[in-house]
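The values are calculated or read from the model by the stated rules, or taken from the named source; none is laboratory data. What you see is a predicted model, and the numbers here were worked out from it, not measured in a lab. Glycine gets a Cβ as well: all are built from the backbone with ideal geometry, and neighbour counts include every protein chain shown.
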Amino acid sequence: MAKGDRVIVIPNPHRKEVGIALLVRVLRQAGITREEWIAAIRANRVD
């Protein structure tokens, strides 16, 4: 996800789901709101 000039990459070498607690901490540190995250997911959804 990108916000302004900041790009957030969450490494996941195990290819499993990232836990909610970890995701919340990463997004909080990045200054990304829940609403921004959900909008990004919806914008990148492949049906």
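What are the residues in region 1-44 that are touching a residue at least 24 places away in the same chain (Cβ under 8 Å) and surrounded by fewer than 12 Cβ atoms within 10 Å (Cβ to Cβ), if any? Across region 1-44, the qualifying residues are ARG6, GLY31. Only one of the numbered conditions (1) among the acidic types (Asp, Glu); (2) in a loop (DSSP other than H, G, I, E, B); (3) modelled with pLDDT of 80 or more is not met by GLU36, and that is (2).
What are the residues in region 1-24 that are farther than 19 Å from ARG42 by Cα and of a type in the set (D, E, K, R), if any?
Filtering region 1-24 for residues farther than 19 Å from ARG42 by Cα gives 5-6, 11-16, 19, 21-22.
Across region 1-24, the qualifying residues are ASP5, ARG6, ARG15, LYS16.
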